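The values are calculated or read from the model by the stated rules, or taken from the named source; none is laboratory data. Treat the numbers as computed from the prediction; the structure is a model and nothing was measured. Don't worry about glycine lacking a Cβ; one is built from the backbone with ideal geometry, like all the others, and counts go over all protein chains shown. Calculation scope for accessible area: heavy atoms of the full protein, side chains included, ligands and nucleic acids excluded. Shrake-Rupley method; radii C 1.70, N 1.55, O 1.52, S 1.80 Å.
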Amino acid sequence: MTIANGGAAPARLEGKSSAMLVCWILGLGSLVSWNSMLTIGDYYYNLFPRYHPSRVLTLVYQPFALGTMALLAYNEAKIDTRKRNLAGYILFCASTFLLVVLDLATSGRGGIAPYIGICVIVGAFGVADAHVQGGMVGDLSFMCPEFIQSFLAGLAASGALTSALRLMTKAAFDKSAGGERKGAMLFLGISTFLEFLCIILYAFFFPKLPIVKHYRRKAALEGSKTVSADLAVVGIQTQQSREVDDTKQQERLSNKQLFFQNIDYALELFMIYVLAINYPRYPLVLIAMYNVWDFISRYIPLVKCLRLPRKGLMVGVLARFLLIPAFYFTAKYGDQGWMIMLTSFLGVSNGYLTVCILTNAPKGYKGPEQNALGNLLVLCLLGGIFAGVALDWLWLIGKQSF
């Protein structure tokens, strides 16, 4: 067993490519279960036509995600990141599997009791989301920016993957008896497997990568308590970091100071996700286009000359609000081609700006501060999603149907 100590980083840290791949898969697992739920919404509409599952389940999910994230962000310095992330992935895996069990137990029948059961499971999804997204972004914020980019690309890939699978299952099962149910069970089965894979990768493979050990050791020496369990798993003691812990914690900026120093980033993420969610219920092809371009655009910031500077980010975020009248007039007077173009641009701007913000913000801070800032920014992101879901109901004004 070794002791965490300082020292310069080695000339070449091994395992970077492997770590980026694992981060991508972990990002995929962070949203694949919830995206699967949204994608099979037509199946649940047929089961529960009176309860409007697409809108109601989203309203159940978001308060649990936002409320849990607020508590975790407030206490992030005291929470073991390893236990937090594993708890999130385990809860995702168990909840997704329970959806399959519930459907099999009720033989795919509707009714109020199964619907309440689904609502409870969706609430668990929200709790798991807060554990994983905030925990992973905070953990990766004191590592290299490519790790956050890979994780965020994996998040977007979950939407693109579920859209592609939905198109394939619709073609394969649409004309068969019970086709929608077969497609839904396939979705949930794949999601359960991916969540289990994330548990294995995060628990046993990711902590042992040399580059990950280096960054976590460095964070421990800067006063971080959240990495102790991950370092212990690979046989690294943090005794030396504990000796200077009190001093480091006193030197660390408070969450309030971090928030106000980065209030522009916080507002930008909030505004991005207000608009990202607040659009009418599009056909499957348009949702697929949004997800695919959101995924592709998250790789653009890897090219340094294509990254926006800090001041330019706010301009880009505010410019997106021009899409609101553009969508309105296109829906009223335009054709499908214009709608596809606008939807694609919405996806491109969403993914590109998100990666730029979350990779730029942690620069210049110490490990514990970067972890705290990552949690605060995810809280603002989830706040934007929650506001967007609430504003989504404005599309119903003047309509007869719920």
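Identify, please: which residue in the stretch 72-109 is aliphatic (A, V, I, L, M) and under 19 Å from the mean Cα position of the chain (by Cα) and is, among those, nearest to G179 (Cα to Cα)? Walk me through it before giving the result.
Kept after step one, since they are aliphatic (A, V, I, L, M), are these residues of the stretch 72-109: 72-73, 77, 79, 86-87, 90-91, 94, 98-102, 104-105.
Checking the rest, the ones that are also under 19 Å from the mean Cα position of the chain (by Cα) come to 72-73, 86-87, 90-91, 94.
Details: L72: 41, A73: 42, L86: 34, A87: 34, I90: 29, L91: 28, A94: 25 Å.
It comes out as A94.
Tell me, which residue of the stretch 148-170 that is in contact (Cβ under 8 Å) with a residue 24 or more places away in the chain and more than 14 Å from the chain's Cα centre (by Cα) is nearest to K304 (Cα to Cα)? Steps first, please.
Step one: of the stretch 148-170, the residues in contact (Cβ under 8 Å) with a residue 24 or more places away in the chain are 148-167, 170.
Next, from what is left, pick out any that are more than 14 Å from the chain's Cα centre (by Cα): 161-167, 170.
On the way: L161: 27, T162: 30, S163: 30, A164: 30, L165: 33, R166: 35, L167: 35, K170: 40 Å.
Among those residues, the one meeting the criterion is L161.
Please determine whether any residue of the stretch 183-205 is open to solvent by 40 Å² or more (accessible area, probe 1.4 Å), in a loop (DSSP other than H, G, I, E, B) and not acidic (D, E).
The answer is no, given that none of the residues of the stretch 183-205 is open to solvent by 40 Å² or more (accessible area, probe 1.4 Å), in a loop (DSSP other than H, G, I, E, B) and not acidic (D, E).
Collect the residues in the stretch 65-110 that are closer than 19 Å to G135 by Cβ, open to solvent by 40 Å² or more (accessible area, probe 1.4 Å) and not charged (D, E, K, R), keeping them in residue-number order.
Within the stretch 65-110, L66, A70, L71, Y74, N75, I79, A87, I90, L91, A94 qualify.
When you check N375 against the structure, is it in contact with a helix residue (DSSP H, G or I) (Cβ under 8 Å, 6 or more places away or on another chain) and closer than 16 Å to F259 by Cα, yes or no? Show your work before the answer.
Values: in contact with a helix residue (DSSP H, G or I) (Cβ under 8 Å, 6 or more places away or on another chain): yes; closer than 16 Å to F259 by Cα: yes.
So N375 fits the description; yes.
Yes/no per residue for (1) buried (at least 23 other Cβ atoms within 10 Å of the Cβ); (2) outside any helix (DSSP H, G or I); (3) modelled with pLDDT under 95:
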site: W338; (1), (2), (3): no, no, yes
site: M341; (1), (2), (3): no, no, yes
site: L346; (1), (2), (3): no, no, yes
site: P362; (1), (2), (3): yes, yes, yes
site: Q370; (1), (2), (3): yes, no, yes
site: L376; (1), (2), (3): yes, no, no
site: V389; (1), (2), (3): no, no, yes
site: W393; (1), (2), (3): no, no, yes
